[in-house]
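Everything on this sheet refers to the single structure shown next.
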Amino acid sequence: MPEHTQVTVQIPDRESSDCRAVSAVLARVGDKWSVLIIMLLGDGTKRFNEIKRMVGGISQRMLTLTLRGLERDGLVKRTIYSTIPPRVEYELTPLGRSLWAAVGPLGSWAQGHVADIQKAQDRFDKRAKP
């Protein structure tokens, strides 16, 4: 009985690899905590607890994980000062500033249209009730 000995190898094309890479970047910068933190750091350097107070609703663990991810991606710089207790500050890197320039207008739009969105949701919900 003949055996199949040839294996078809699919060479990944550049476009599909690029799409996966872009998708990974958008997943990082597109989550709600990352965008909010990038927007807040656009105003300048902030300490951990200052960011936590400003974001509101984020757990300490989630803030730590988000900041760590943003630092790993080269968007945020973390500076530790040898004081007692140690002081830790976060700021945008040049790459992070370029992202801030892109998401800043989106954040401004969201802030300016919160009431409009809420009204539309209320109208929809009233129509959807049985």
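What net charge is computed for the residues neighbouring GLN121, neighbours being all others with C-beta under 15 Å from the C-beta of GLN121, Lys and Arg scored +1, Asp and Glu -1? Mind showing how you got there, number by number?
Numbers: positive: LYS119, ARG123, LYS126, ARG127, LYS129; negative: ASP116, ASP122, ASP125.
Summing Lys and Arg as +1 and Asp and Glu as -1 gives +2.
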Put TRP33, TRP100, TRP109 in order of accessible area, largest first, probe 1.4 Å, and you get TRP109, TRP100, TRP33
Projected onto their principal axes, the Cα atoms of the chain stretch, largest extent first, over whole-Å spans of 73, 60, 27
Measuring from its Cα centre, the chain shows a charge dipole (+1 at each Lys and Arg Cβ, -1 at each Asp and Glu Cβ) which, in debye to the nearest 20, is 680 debye
Taking Lys and Arg as +1 and Asp and Glu as -1, residues besides ARG28 with C-beta under 14 Å from its C-beta add up to +1
Sequence order, region 54-66: Karplus ³J(HN,Hα) from phi using 6.51 cos²θ - 1.76 cosθ + 1.60, θ = phi - 60°, Hz rounded, Gly and Pro as x, gives 6, 6, x, x, 9, 6, 4, 5, 5, 5, 4, 5, 5
Helix-only [θ] at 222 nm, the chain, -39500 (n - 2.57) per DSSP H run of 4+, per residue, nearest 500, equals -21500 deg cm²/dmol
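With all protein chains present and a 1.4 Å probe, how do PHE48, PHE124 order by accessible area, largest first?
PHE124, PHE48
The values are calculated or read from the model by the stated rules, or taken from the named source; none is laboratory data. Quantities reported herein were computed from a predicted structural model and do not represent experimental measurements. No Cβ is skipped: glycine too gets one built from the backbone with ideal geometry, and neighbour counts run over all protein chains shown. Accessible surface is based on the protein model in full, side chains and every heavy atom, while ligands, DNA and RNA are left aside. Shrake-Rupley method; radii C 1.70, N 1.55, O 1.52, S 1.80 Å.
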